[in-house]
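The values are calculated or read from the model by the stated rules, or taken from the named source; none is laboratory data. Values in this document were obtained by computation on a predicted structure and should not be read as measured data. All Cβ positions, glycine included, derive from the backbone under ideal geometry; neighbour counts span all protein chains shown. Just so you know, the surface numbers come from the protein's heavy atoms only, side chains and all, with ligands and any DNA or RNA stripped out. Shrake-Rupley method; radii C 1.70, N 1.55, O 1.52, S 1.80 Å.
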Amino acid sequence: MSGPVGGPVGGSGQEPDVRPGVRIGVDVGSVRVGVAASDPGGVLAVPVTTLARDKRHNADIEQLVQIARDRQAVEVVVGLPRQMSGQEGQAVRVVRRYVEVLAERIAPVPVRFVDERLTTVAAHRRMAERGVRSRARRSLVDQEAAVQILQHDLDSRRRRGDVPGVPGSTEAFPQDSR
């Protein structure tokens, strides 16, 4: 994972929002969607849930919007599954379409992409280290991947000095950016 791979959906191309508040991390899969959330200080990502994909009626997107509203999220960070070469394949196109719908329904909360290469591998490894059997991992791996995506983004912010709510951090998004 190498940090942001795209600005907020909507094309402003600006850096991540540095306002304090909860961030939601999302791992979009073909069958399930993993969801994680940060604490308001932007330090720790924790698993929230795994949603079943509903390509026909988008019930999963509605559930995700409700989670973000309930937690008063200031930003949603979605993993972009680029190939190891950096190329964008079919999985990226699927995620981009998903995020177009999500961004429309969740506005004015910004949605941003981050590189998610190897997060699923890391999620499986981490769960194996904790003794979770492979059959049980299927239902949890998407949540763990969402945690990995969000935690990497939070850690990257700290390394850059873009810590939410810390004086001296660059304010990236105007309040009315959407």
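Figure legend. Inter-residue proximity from the range 47-68: first residues within 12 Å of Tyr98 (Cα to Cα), second residues β-branched (Val, Ile, Thr), beta-carbon distance below 7 Å, spacing 6+ or different chains. Indicated pairs: Arg53/Val31; Arg53/Val33; Asn58/Val101; Asp60/Val33; Ile61/Val101; Leu64/Val26; Leu64/Val33; Leu64/Val35. All told, Arg137 falls short of being closer than 23 Å to Ala52 by Cα, open to solvent by 90 Å² or more (accessible area, probe 1.4 Å) and either at pLDDT 95 or above or in a helix (DSSP H, G or I) (or both). Hey, among the residues in the range 44-64 that are in a helix (DSSP H, G or I), open to solvent by less than 40 Å² (accessible area, probe 1.4 Å) and in contact with a strand residue (DSSP E or B) (Cβ under 7 Å, 6 or more places away or on another chain), which one's farthest from Gln151 (Cα to Cα)? The qualifying residue farthest from Gln151 (Cα to Cα) is Asp60.
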